[in-house]
Amino acid sequence: MAESFGSDAERYDRARPRYPDAMVDAITSAITAAITAASPGPDVLDVGVGTGIAARQFQAAGCTVLGVDVDARMAEFARRGGGLDGGELDVEVAAFEAWDPAGRTFDAVIAGQTWHWIDPVAGAAKAAEVLRPGGQLAVFWNVFQPSPDIAEAFAEIYRRVLPDSPRNPWAKSALDPYSTLFTRAVDGIRQTGAFGEPERRQFDWERGYTREEWLDQLRTGGDASRLPPAKLAELLSGTGAAIDAMGGGFTMRYATVVVIAALTAAT
């Protein structure tokens, strides 16, 4: 499933939300505070770089970024700078756990919306191998936080269109299932013995959506990519009708959750 998102990389880049500036600033500040006089940085390795959404935000904040992604289609899109944010990126194609850094080291390893595709222990150990002294491992996710009326409207569509689905993403707070991802990330970092105690931070923000913008975003989700075409069309139609009933648009609240830890031991 981690390699399914590249089937429409342009839509993914266009529709997926960016990350809040406050989060980028906080991580960048942690990176620069730990840089030693011997470091040529700030150099950042973006694991699961995708189309380059997070990478370009860190570039704009003054970092040099190398991306790694398992999906060659996503990597090619990021390289040619075809997205809304422009700018070409240096990207290598590999699964992170098997990627060869060829002796290169970094001031930070980041992963936006992708660390759950990485083995949490092997991934953290790999990050420790390529980080410079004091380097930061920062993994983060955007999590939907809809108002109760929006959540119920979308949940009802899923109940109607996909009554046999074991998962209704709007039936309860999205932070509940994501908490498992946060815990796995923290546990994996701890098990390496190479990092200080991981810290969890949350950044709350919101974004307005038109009907078409939300339906565009909906099609980029992993659940939607696995639906038969007829069911996907029904889901999109029902969701579109619900947004029309809201006046043609709505505001989605987000919580961006970061797990961050500093390298304390050489590996």
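Ordered by solvent-accessible area of protein heavy atoms (1.4 Å probe), largest first, the residues ASP164, ASP25 come out as ASP164, ASP25. Altogether, the Stokes-Einstein calculation at 25 °C and 0.890 mPa s, with the Kirkwood radius of segment 169-267 over Cα pairs as Rh, returns a diffusion coefficient of 149 µm²/s.
Using the rule -39500 (n - 2.57) for each DSSP H run of four or more residues, divided by the residues of the chain, the 222 nm mean residue ellipticity is -12500 deg cm²/dmol.
The candidates ARG160, ARG226, arranged from most to least accessible area with a 1.4 Å probe in the full protein assembly, appear as ARG226, ARG160. The charge dipole of the chain, taken about the Cα centre with unit charges on the Cβ atoms of Lys, Arg (+1) and Asp, Glu (-1), comes to about 280 debye, rounded to the nearest 20.
Ordered from highest to lowest accessible area with the whole protein assembly present and a 1.4 Å probe, LYS231, LYS172, LYS126 read as LYS172, LYS231, LYS126. Given [x] 19.3; [y] 18.7; [z] 20.7, which label gives Kirkwood radius over Cα pairs in Å as computed from the coordinates? Given [x] 19.3; [y] 18.7; [z] 20.7, the calculated one carries the label [x]. Distances between placed amide hydrogens fall under 5 Å for PHE106 paired with LEU131, ARG132, all partners being 5 or more residues away or on another chain.
The modelled label-to-label distance between ASP149 and TRP117, using points 7 Å beyond Cα along the C-beta direction, is 3.7 nm. DSSP beta bridges confined to the chain are antiparallel in about 55 percent of cases.
Across the options PHE140, PRO169, MET252, the greatest Cα extent toward the positive end of the charge dipole of the chain (unit charges at beta carbon of Lys, Arg, Asp, Glu) belongs to PRO169. If you run the Gaussian network model on the chain, springs between alpha carbon atoms under 10 Å, then out of LEU181, LEU66, LEU227 the most flexible one is LEU227. Full extension of the chain between THR183 and THR264 yields a length gain of 27.1 nm, computed as 0.36 nm times the residue separation minus the alpha carbon distance.
Sorting 185-191, 57-63 by their mean Cβ neighbour count within 10 Å, with the most densely packed peptide first, gives 185-191, 57-63. When the chain is treated as a GNM, springs tying every alpha-carbon pair under 10 Å, which of GLY196, GLY81, GLY208 comes out with the largest mean-square fluctuation? Its mean-square fluctuation being the largest, the pick is GLY208.
3J(HN,Hα) along segment 113-122, derived from phi through the Karplus expression 6.51 cos²θ - 1.76 cosθ + 1.60 where θ = phi - 60°, amounts to 6, 9, 5, 6, 8, 9, 4, x, 7, 4 Hz, with x in place of Gly and Pro.
The values are calculated or read from the model by the stated rules, or taken from the named source; none is laboratory data. In this text, all values refer to a predicted model and were calculated from it rather than measured experimentally. As a convention, Cβ positions derive from the backbone with ideal geometry for all residues, glycine included, and neighbour counts pool all protein chains shown. Only protein heavy atoms, including side chains, enter the accessible area calculation; ligands, DNA and RNA are left aside. Shrake-Rupley method; radii C 1.70, N 1.55, O 1.52, S 1.80 Å.
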